[in-house]
Every structure is written in C-alpha cells, then in structure tokens.
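Peer 1: Before I ask anything, let me first share the structure, which is written out below as structure tokens.
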Amino acid sequence: MKITDIKVFVTCPGRNFVTVKVYTDQGLTGVGDATLNGRELAVASYLKDHVVPCLLDRDPMRSEDIWHYLYRGAYWRRGPVTMAAIAAIDTALWDLKAKAANMPLYQLLGGASRDRVLCYTHAQGREISEAVDAVGARIEQGYKAVRAQVGIPGLPDVYGTGSSGVTNTAADSDLPKEEVWSTAKYMPRIPALFEELRAAHGADVHLLHDTHHRLTPIEAARLAKDLEPYRLFWLEDTVPAENQDGFRLIRQHSTTPLAVGEVFNTIWDCKQLIEEQLIDFIRTTCVHAGGPTALRRIMDFAGVHHVRTACHGAADMSPICLGANLHLDLWVPNFGIQEYSGYTDEMLSVFPHAWTFSDGYLHPGDAPGHGVDFDETLADKHPYQRAYLPVNRLEDGTLWHW
Ligand code: EZ4
Ligand code: CO
C-alpha cells in the first residue's frame, strides 16, 4: 500500500478544527485531528508545506517508522505545533491500519480491558447556587463525574470559572480577550463551592475542579489541603508544570489527587511527575501528545508508577481526537477517566462518528478504524475564522498564567 495524497482541512463549524486525511492507492483513507486552539494555521502549514511532501509514496502501514521520521528526522523536536502535526498523521495512519484489518482500533492495541469508558463533563455557574444546580442537571443526564467551576466575586467573567457557554468560538472578537485574575479572591470561593456541592449531591458523584495553572505551588498546596474534606476525584492544573519540582511541595501538604498534562506534548514533559509519583492522573491527549503511537507509551509509563490516564477532551479537540482517545481508554490497563465536554450538532455533522454516550459512559463503537469520519463537503461550508483563547492579567495589569 502507498500513500497517494494527504489533504489538510481547516474548518469552523462553530470553532476551528484542523483535519488531516490520508489517501492510499488501495482506496483506503484515514483521518486525524491536528487542532491547536488559537494557532490552527501554523499546524496546517507545518503539515502542508513540510510534512506532506515527505510522506507521498510511503507505505502507510509503517506508522512507527513514519512517527520517528517526523520526530527525530526533523531535528527540531517537540513543541505543540510539531507534535500536533505528527499526531494528526499518526492518528490517520492508525485509522487506516485498523480499517485495513477490518477491526476497531482498540483491538490492535490489545483489545478491550473494560466494557465502557467513564467520562466527566463540565458544569459551572456565576453563583454557587447556579453551579450546584448545573451539577445536578448533569447528574440527571446520567453523568457519574462532573467538573465544577464557579464565578469569583469581585472579578468580571474569567475563562473557566463561572461563565456559561463556550469560550473561543468563531463569534469571539478576532483578537484575544483580556481578563482579570486574583488568586486572593479565588482561594476561599472553591472550598465554599465544594461544601455546597457535597451537601446537595452527596458523596457518590465524582467531583473535579480545574485551576487552569493559575496558582503558585504554596497556594496550590493550601487549596488542595482546604479541599480535602470534600474528597475531590482530582484537582487539575494547579500550577504551570514547566517547573515540575513545584508539585513536590503540593504533595507534601495534601492527599487531594492531582491531575495535569493537557498542554504536555511528549513523554519528556511527563517524566519527572510520573517517575516521582507527584501526580495521580496524566492528561495528555492524542492530538497534543503525538498520536496513539506516543500516547500509548506515556500511558504504559504512567502505569508503572501508579498514575492513571485522563485524556484531555474539551471541545477544542475535534471529535476525531475524542474517537481515537476512546480506543486507548478502552484498552489501557491503568485507565482513569475521559474528559467529555461535548460538541454542538453543527460540529458533529462535520464529523460523523461511531462513539456513543450512555448513562455517564462512552464507548468508541466497533466500526473499523477509530470510527470518526470527516465530511469534506460540509466542512467546506464553514471556512476558518481567526479566534484566540483569552489572556489573563492580575488586577495591576501583570500578565499572568492561566
Ligand atoms: O481550557 O482546551 O480541561 N479542560 C480545559 C480546557 C482548556 C482548553 C484550552 O484550549 O482546561 O477547557
Ligand atoms: Co483543564
């Protein structure tokens, strides 16, 4: 089998998605997700201008060799643009390989280790009472695990706190929105939220919270400690993980489980955190961590160190990424949970998919490949629109992490 063509599509059915489609001389095709929120065209160019010409006429079954060709062969290793491009090709090649075998992808990984994949979704409110109701509505929908976020008194709407609706859609302004952050105002609000959540919804539901990298290690240690009575499933992205030593401090002070890694690109970003058992869940995901070839290695490495998997699955990864993740989730022995924030009908119409949701669990389906397709004609009707994630400043104007 030979690769005859590779096309790169950028489409915006409500938000931007980058998709790669690999064509072969035997008529089989495979698709992969290459979406990097706010930097979509950089990945599209990396693929079109630099990767595609090198892959024509190659054997698509040699996905391992092609992965290393793109990773080692480029000399300039790692980074989100490079790794999203590699991920897209790798995901498409695994899709092709599984279609050639006429099997769902999870069978090629070793088969199902479980019947269904536990997932968590999002709920938020500006006020604590609204957030409590929003979590209740998710429980009604069958969810067993919910990430709860709440508005911060004294701060205007901040991404990932209480505002409802999806941020960074095509409707946003075409330059990054500037938001205001105050850790002092945030810190007392979160234990108050979880106290109310446990009072209203009991001990059974898994509750999660995401801090979007906004704290320092000692602040994170304090928050993790303050949240202990509410038995969180996890506390996510407390501190920027560039300096991984910071997690040691948090660990020394708290038994609240910690999750991190949605912005990680390779196993090297995870190495210290996993080896030293400084985290409980690793959040690397197909599109941002180099595709199934690389992600399964991170997952196995995590398993050795009692770290469980929790693929990032917000709506800015396309349904193709979610589909591929679900095959890894169904297989991986040390599975933790899968994030599932859902998509609009408009988005899903561009990505016909075999995965299903029922009673709080997902299943990748049994279609050959990863089970997610791409409707090129429909995608054409939704051209790219520039959109950015917001930036975060402290009250005095200092640019901050988020
Ligand atoms: O802010 O994917 O856990 N999920 C998240 C997401 C991220 C977006 C960034 O592009 O933190 O909502
Ligand atoms: Co997150």
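Peer 1: From 241, 224, grab the single residue that is in a helix (DSSP H, G or I), within 25 Å of the chain's Cα centre (by Cα) and not basic (Lys, Arg).
Peer 2: On the way: 241 fails: in a helix (DSSP H, G or I).
After ruling out the rest, the residue left standing is 224.
Peer 1: A further question follows. Identify the residue in region 1-49 that is farther than 22 Å from residue 386 by Cβ and without any contact (Cβ under 8 Å) to a residue 24 or more places away in the chain and, among all such residues, is nearest to the chain's Cα centre (by Cα). Walk me through it before giving the result.
Peer 2: Within region 1-49, the first condition is being farther than 22 Å from residue 386 by Cβ, and the residues that meet it are 1-6, 21-32.
Narrowing the set further to residues that are without any contact (Cβ under 8 Å) to a residue 24 or more places away in the chain leaves 23, 27.
On the way: 23: 27, 27: 31 Å.
Applying the filter and picking the extreme gives 23.
Peer 1: Anything in region 282-312 that is of a type in the set (D, E, K, R) and within 15 Å of residue 326 (Cα to Cα)? List them, or say none.
Peer 2: Restricting attention to region 282-312, the residues satisfying the condition of being of a type in the set (D, E, K, R) are 283, 296-297, 300, 308.
If the condition is that a residue be of a type in the set (D, E, K, R) and within 15 Å of residue 326 (Cα to Cα), then 283, 296, 308 are the ones that fit.
Peer 1: Follow-up question, since we're still on this one. Mind checking which residues of region 256-274 are part of a helix (DSSP H, G or I) and within 16 Å of ligand 2 (Cβ to nearest atom)?
Peer 2: Taking region 256-274 as the starting set, the residues that turn out to be part of a helix (DSSP H, G or I) are 267-274.
Selection gives 269, 270, 273.
Peer 1: Take residue 299 and tell me if it is in contact (Cβ under 8 Å) with a residue 24 or more places away in the chain, buried (at least 24 other Cβ atoms within 10 Å of the Cβ) and within 13 Å of ligand 2 (Cβ to nearest atom).
Peer 2: For residue 299, the condition - in contact (Cβ under 8 Å) with a residue 24 or more places away in the chain, buried (at least 24 other Cβ atoms within 10 Å of the Cβ) and within 13 Å of ligand 2 (Cβ to nearest atom) - is not met.
Peer 1: Right, something else. Within region 135-149, track down each residue that is touching a residue at least 12 places away in the same chain (Cβ under 8 Å) and part of a helix (DSSP H, G or I).
Peer 2: Matches in region 135-149: 135, 136, 137, 138, 139.
Peer 1: Give region 68-97 a look and list any residue that's part of a helix (DSSP H, G or I), open to solvent by 30 Å² or more (accessible area, probe 1.4 Å) and among the hydrophobic types (A, V, I, L, M, F, W, C), or say none.
Peer 2: Applying the first criterion (part of a helix (DSSP H, G or I)) to region 68-97 yields 68-71, 80-97.
In the following step, the residues that additionally are open to solvent by 30 Å² or more (accessible area, probe 1.4 Å) were identified as 68-69, 80-81, 97.
Result: 81, single match.
Peer 1: Being within 18 Å of residue 80 (Cβ to Cβ), more than 16 Å from ligand 1 (Cβ to nearest atom) and open to solvent by less than 30 Å² (accessible area, probe 1.4 Å) is the filter here, so list the residues in region 245-268 that pass it. Can you show your working first?
Peer 2: The first filter runs over region 245-268 and keeps only residues within 18 Å of residue 80 (Cβ to Cβ), leaving 260-268.
Cutting the leftovers down to more than 16 Å from ligand 1 (Cβ to nearest atom) gives us 266-268.
Within region 245-268, just 266 meets the criteria.
Peer 1: Which condition breaks for residue 61 when tested against (1) touching a residue at least 60 places away in the same chain (Cβ under 8 Å); (2) under 25 Å from the mean Cα position of the chain (by Cα); (3) more than 22 Å from residue 313 (Cβ to Cβ)?
Peer 2: Of (1) touching a residue at least 60 places away in the same chain (Cβ under 8 Å); (2) under 25 Å from the mean Cα position of the chain (by Cα); (3) more than 22 Å from residue 313 (Cβ to Cβ), only one is false for residue 61: (2).
Peer 1: I'd like the full set of residues that are loosely packed, with under 14 Cβ neighbours inside 10 Å, in contact (Cβ under 8 Å) with a residue 60 or more places away in the chain and of a type in the set (D, E, K, R), limited to region 377-402.
Peer 2: Selection gives 380, 395.
Peer 1: Continuing with the same structure: Filter region 180-232 down to the residues that are away from ligand 2 (no atom under 16 Å from the Cβ), in contact with a Leu (Cβ under 7 Å, 6 or more places away or on another chain) and in contact (Cβ under 8 Å) with a residue 60 or more places away in the chain, then identify the one that is most open to solvent (accessible area, probe 1.4 Å).
Peer 2: Checked region 180-232; the qualifying residue most open to solvent (accessible area, probe 1.4 Å) is 180.
Peer 1: Of everything in region 36-64, what is touching a Lys or Arg at 6+ places or on another chain (Cβ under 9 Å) and of a type in the set (Val, Ile, Thr)? Give them in sequence order.
Peer 2: 52
Peer 1: In region 349-373, which residues are of a type outside the set (Gly, Ala, Ser) and open to solvent by 40 Å² or more (accessible area, probe 1.4 Å)?
Peer 2: Of all residues in region 349-373, those of a type outside the set (Gly, Ala, Ser) come to 350-353, 355-357, 359, 361-364, 366, 368, 370, 372-373.
Answer for region 349-373, where residues must be of a type outside the set (Gly, Ala, Ser) and open to solvent by 40 Å² or more (accessible area, probe 1.4 Å): 352, 353, 356, 357, 359, 361, 363, 366, 368, 373.
Peer 1: While we're on this one: Taking residue 235 as meeting all but one of (1) over 18 Å from the mean Cα position of the chain (by Cα); (2) part of a strand (DSSP E or B); (3) aliphatic (A, V, I, L, M), write down the number of the exception.
Peer 2: (1) is the only condition that residue 235 fails.
Peer 1: Which of the residues belonging to region 275-300 are away from ligand 1 (no atom under 15 Å from the Cβ) and assigned to a loop (DSSP other than H, G, I, E, B)?
Peer 2: 276, 277, 278, 280, 290 - these are the residues of region 275-300 that are away from ligand 1 (no atom under 15 Å from the Cβ) and assigned to a loop (DSSP other than H, G, I, E, B).
Peer 1: Continuing with this model, one more query. Looking at region 330-345, can you tell me whether even one residue there is open to solvent by 10 Å² or more (accessible area, probe 1.4 Å), of a type in the set (D, E, K, R) and within 16 Å of ligand 1 (Cβ to nearest atom)? Walk me through how you get there before you give the answer.
Peer 2: Filtering region 330-345 for residues open to solvent by 10 Å² or more (accessible area, probe 1.4 Å) gives 331, 333-335, 340-345.
Remaining after also requiring of a type in the set (D, E, K, R): 345.
From what is left, the residues that are within 16 Å of ligand 1 (Cβ to nearest atom) are none.
Taking every residue of region 330-345 in turn, none turns out to be open to solvent by 10 Å² or more (accessible area, probe 1.4 Å), of a type in the set (D, E, K, R) and within 16 Å of ligand 1 (Cβ to nearest atom).
The values are calculated or read from the model by the stated rules, or taken from the named source; none is laboratory data. Everything numeric here is computed off the predicted structure, so don't read it as measured data. Cβ: placed from backbone, ideal geometry, glycine included. Neighbour counts: every protein chain shown. These accessible areas exclude ligands, DNA and RNA; they are computed on the full protein's heavy atoms, side chains included. Shrake-Rupley method; radii C 1.70, N 1.55, O 1.52, S 1.80 Å.
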